[in-house]
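Undergrad: My questions will all concern the structure given below.
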Amino acid sequence: MREHPQFEPSSEQLSHWPEGVSGSERNGRGESEVRRPLPILWHPPGMSPFDDVQAWFWEQGVRIPAVQERRAHRTEVLAREPAPIAAERVERTPAENAEEIRRQALACGADLVGIVAPHPEWVFEGYEFDYPWIVMLGVAMDYEVLRKAPEPEASLTVIDGYTRGWEVGQPLADHIRGLGWDAKASGGPSAGPILLVPAALEAGFGELGKHGSIINRELGSNFRLAAVFTDLPLEPDAPVDIASEDFCQSCRICVDACPPGAISHEKQLVRGVEKWYVDFDLCAPFFLETYGCGVCLAACPWSAPGRGPRISEKMLARRERDAQRAAAENSGP
């Protein structure tokens with residue numbers, strides 16, 4: 001087990017943190033009841049006690065010209081006006097709509113696409129959400145750049161990933177609006193009204209990893225999420241089993257790689273669900289200090305191009321052998 005040196009945030013950063021407030025407590029760590037999440041970071045001002053440190057983080061980007069350039073491009077993308085909703089609706093079956101939307105999302109540049117109906121416990125407190133469907137989108141990042149984390153250069157591929165998410169989601173939403181149905185694109189780095197990770201898990205993007213991010217069979221954790229909310233009748237996708245859960249149980253790579261030691265080897269109860277959880281109060285200060293970190297995403301063995309499918313195949317085969325062995329032992333003479 002690797003010993004993590006004690007990380008000390010700068011006094012400048014610490015001066016902006018809310019006194020006596022734990023982000024992990026606000027996240028619901030240790031709570032046995034299911035509830036809606038509370039806003040913490042990446043929400044509009046006035047919704048969280050972490051507003052000041054969030055503002056401090058955004059101000060740090062002015063020190064890096066390449067970050068400012070990427071931000072300016074994203075601002076231009078977000079300024080784009082959505083297409084009007086067509087007066088006449090195109091009526092198709094939910095299955096036909098879902099097939100077209102998946103095809104259209106890929107044509108717009110998505111690397112991953114899935115469809116899911118929202119759950120009330122995914123919606124942040126302080127937000128209303130009344131769309132019946134979420135089209136989840138995933139866009140790959142540049143792995144070789146991400147591997148440089150926690151150097152600031154690695155944050156550039158994260159920024160680019162979020163911008164690409166909007167560049168995929170906006171034309172997809174316009175396409176749906178052209179069919180006469182409401183649709184709204186949503187993406188990072190702002191949090192938006194709803195938790196996208198559980199939505200992506202249920203839409204079949206992969207399984208939750210020990211590092212608190214999704215592990216996809218093909219992309220590992222080397223991708224960013226975006227979404228389109230819509231009332232277009234659709235059919236949902238289903239969660240998948242790629243055996244990354246089995247892998248994470250015995251793997252310690254991200255645990256040992258995490259500079260502030262924020263990743264636990266054990267699952268924790270969070271808002272009524274037992275799952276892998278990253279300690280916000282340890283992770284966030286390092287994340288903010290290094291303008292994004294990303295070490296755990298790059299360190300995850302599944303993220304290396306081409307490795308995920310091989311790992312999944314191996315783990316699923318091992319599970320099958322174990323099941324057959326157990327069945328043989330229980331069958332008796």
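The values are calculated or read from the model by the stated rules, or taken from the named source; none is laboratory data. Since we're looking at a predicted model, the values are computed, not measured. Don't worry about glycine lacking a Cβ; one is built from the backbone with ideal geometry, like all the others, and counts go over all protein chains shown.
Undergrad: Taking region 286-303 as the search range and keeping residues that are modelled with pLDDT of 95 or more and either of a type in the set (Asp, Glu) or in contact with a Gly (Cβ under 7 Å, 6 or more places away or on another chain) (or both), which one is farthest from Leu146 (Cα to Cα)?
TA: Here the answer is Trp302.
Undergrad: Now a separate question. Can you tell me which residue among Trp122, Trp181, Trp133, Trp166 is among the aromatic types (Phe, Trp, Tyr), touching a Pro at 6+ places or on another chain (Cβ under 6 Å) and touching a residue at least 24 places away in the same chain (Cβ under 8 Å)? Break it down stepwise before answering.
TA: Working: Trp181 fails: touching a Pro at 6+ places or on another chain (Cβ under 6 Å); Trp133 fails: touching a Pro at 6+ places or on another chain (Cβ under 6 Å); Trp166 fails: touching a Pro at 6+ places or on another chain (Cβ under 6 Å).
None of the others qualify; the one that does is Trp122.
Undergrad: Continuing with this model, one more query. Just one of Val228, Val255 is buried (at least 17 other Cβ atoms within 10 Å of the Cβ) and either assigned to a strand (DSSP E or B) or in contact with a Phe, Trp or Tyr (Cβ under 9 Å, 6 or more places away or on another chain) (or both); which is it?
TA: Sole residue among the options that is buried (at least 17 other Cβ atoms within 10 Å of the Cβ) and either assigned to a strand (DSSP E or B) or in contact with a Phe, Trp or Tyr (Cβ under 9 Å, 6 or more places away or on another chain) (or both): Val228.
Undergrad: Only residues that are of a type in the set (Asp, Glu) and either touching a residue at least 60 places away in the same chain (Cβ under 8 Å) or part of a strand (DSSP E or B) (or both): list them for region 258-282, please. So that I can check it myself, show each step before the final result.
TA: Looking only at region 258-282, we keep the residues that are of a type in the set (Asp, Glu), and these are 266, 274, 279, 281.
Matches in region 258-282: Glu274, Asp279, Asp281.
Undergrad: Do any helices (runs of 4 or more DSSP H) entirely within region 1-110 hold 2 or more residues that are in contact (Cβ under 8 Å) with a residue 40 or more places away in the chain and small (Gly, Ala, Ser), and if so, which?
TA: Output list reads 23-27, 94-107.
Undergrad: With the condition kept exactly as written, say whether any residue in region 30-50 is loosely packed, with under 13 Cβ neighbours inside 10 Å, at positive phi and touching a Leu at 6+ places or on another chain (Cβ under 9 Å).
TA: yes
Undergrad: Does at least one position in region 182-202 carry a residue that is part of a helix (DSSP H, G or I), in contact with a strand residue (DSSP E or B) (Cβ under 7 Å, 6 or more places away or on another chain), farther than 20 Å from Glu125 by Cβ and not hydrophobic (A, V, I, L, M, F, W, C)?
TA: yes
Undergrad: List the number of the failed condition for Glu151; all other conditions in (1) buried (at least 22 other Cβ atoms within 10 Å of the Cβ); (2) farther than 29 Å from Arg318 by Cβ; (3) of a type outside the set (Gly, Ala, Ser) hold.
TA: (1) is the only condition that Glu151 fails.
Undergrad: Let me ask something additional. How many of the residues making up region 59-68 are more than 14 Å from Tyr162 (Cα to Cα) and either surrounded by 13 or more Cβ atoms within 10 Å (Cβ to Cβ) or of a type in the set (Asp, Glu) (or both)?
TA: Number satisfying all stated conditions: 5.
Undergrad: Quick one: what pairs do we get from region 230-247, first residue within 13 Å of Arg102 (Cα to Cα), second part of a loop (DSSP other than H, G, I, E, B) and among the β-branched types (Val, Ile, Thr), C-beta under 9 Å, 6+ apart or different chains?
TA: Glu235/Thr93
Undergrad: From the residues in region 293-333 that are under 17 Å from Ala140 (Cβ atoms) and in a loop (DSSP other than H, G, I, E, B), which one is farthest from the chain's Cα centre (by Cα)?
TA: Gly306
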